[in-house]
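What follows is a short report on a single structure.
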Amino acid sequence: ETYTAADNERIKHANPELYKKCKVVVHGTGFGMGPYMMHMNDPEKFPTIKSAEELQDFLFAVVPGLPVWHHELRTFAQKNGYLDNPWGLRHYFYDVFTYKYDENHRLIFDERGLPKVTLGKDSKKVIAMKPQSSAGFFMRDNIELLGQTALRPYLPAVLSIHDGYTVEVPDEPKWVDYATETLGNILTRPIAEMNNLRVGCEIEIARRNFLEFEFVKQIEVV
């Protein structure tokens, strides 16, 4: 079955605390964060290191390819000294990890079959580099595309924050409809640099201030 945005909303409202914990673990793991840092950053959600470790282990069980991919990234960066993002940006790394050996100088492996390592100062940067820089380049391209439309005069100074975009158009049906359609088409377009991956988006309108949003529509992609 396909997991939809409606499923996400249902889970969010059924168990909001678990949803928040899972969100921290998913995003944190994607940027190289371990259970210790999750506990230190948010002791209310994770009162012990073990509580964060258990939820991260659950993530790895659901997505078993994730720790393998992280290890492959680190191995490539350690061997070659760099990583490229899908747009061709190259970032250099100098201290990723060192392997752990037993008393007979044989590699030590963890329960997933991956070599145990001592992480260096660049180890988390390696994990974060591709998702972080790809999101940044995607946003850069979106801003450039928005500037090529009739929305150009309505792009404010604070056009993009995190993964959101704001345009200030006249409160008239033709402009609201045009902005909604244009934003939706740009944000959910196939991303050529990422094998035509598409991501969904949600569009809202604030007529008085940014604390009072009116939901317009949610665009899901397969």
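The values are calculated or read from the model by the stated rules, or taken from the named source; none is laboratory data. Here the structure is a predicted model, which is why all the values come from computation and not from measurement. Cβ placement follows ideal geometry from the backbone for every residue including glycine, while neighbour counts extend to all protein chains displayed. For the accessible areas, the whole protein counts, side chains as well, though only heavy atoms, and no ligand, DNA or RNA atoms are used. Shrake-Rupley method; radii C 1.70, N 1.55, O 1.52, S 1.80 Å.
Each residue in the range 71-102 was checked for being within 15 Å of ASP122 (Cβ to Cβ), in contact with a helix residue (DSSP H, G or I) (Cβ under 7 Å, 6 or more places away or on another chain) and either open to solvent by less than 50 Å² (accessible area, probe 1.4 Å) or part of a helix (DSSP H, G or I) (or both), and 7 of them qualify. The set of residues from the range 147-169 being in contact with a helix residue (DSSP H, G or I) (Cβ under 8 Å, 6 or more places away or on another chain), within 22 Å of GLU214 (Cα to Cα) and not hydroxyl-bearing (Ser, Thr, Tyr) comprises LEU151, LEU155, LEU159, ASP163, VAL167, GLU168, VAL169. Scanning the range 103-147 for residues that are open to solvent by 70 Å² or more (accessible area, probe 1.4 Å), without any contact (Cβ under 8 Å) to a residue 60 or more places away in the chain and in a helix (DSSP H, G or I) yields ARG140, GLU144. Of the numbered criteria (1) modelled with pLDDT of 95 or more; (2) of a type in the set (Asp, Glu); (3) closer than 30 Å to PRO64 by Cβ, the one ASP102 fails is (1). Scanning the range 198-219 for residues that are of a type in the set (A, V, I, L, M), assigned to a loop (DSSP other than H, G, I, E, B) and open to solvent by 40 Å² or more (accessible area, probe 1.4 Å) turns up at least one hit. Looking only at residues of the range 190-213 that are charged (D, E, K, R) and within 15 Å of TYR165 (Cα to Cα), we find that the one that is nearest to the chain's Cα centre (by Cα) is GLU202.
Is one or more of the residues making up the range 150-159 surrounded by 14 or more Cβ atoms within 10 Å (Cβ to Cβ), farther than 23 Å from VAL216 by Cα and not hydroxyl-bearing (Ser, Thr, Tyr)? Within the range 150-159, none of the residues are surrounded by 14 or more Cβ atoms within 10 Å (Cβ to Cβ), farther than 23 Å from VAL216 by Cα and not hydroxyl-bearing (Ser, Thr, Tyr). Scanning the range 83-102 for residues that are of a type outside the set (Ser, Thr, Tyr) and free of Cβ contacts under 8 Å to residues at least 12 places away in the same chain returns ASP84, GLY88, ARG90, ASP102. For first residues located in the range 61-78 and under 16 Å from ARG90 (Cα atoms) and in contact (Cβ under 8 Å) with a residue 12 or more places away in the chain, partners that are of a type in the set (A, V, I, L, M, F, W, C) and open to solvent by 60 Å² or more (accessible area, probe 1.4 Å) and lie 6+ apart or on another chain with Cβ distances below 9 Å form the pairs ARG74/LEU119. Applying the set (1) in contact with a strand residue (DSSP E or B) (Cβ under 8 Å, 6 or more places away or on another chain); (2) farther than 21 Å from VAL221 by Cα to GLY200 leaves exactly one unmet item: (2). Screening VAL167 against (1) farther than 25 Å from PRO64 by Cβ; (2) open to solvent by 40 Å² or more (accessible area, probe 1.4 Å); (3) β-branched (Val, Ile, Thr) leaves a single unmet condition, (2).
Would you check if GLY184 is in contact (Cβ under 8 Å) with a residue 40 or more places away in the chain and small (Gly, Ala, Ser)? No, not satisfied.
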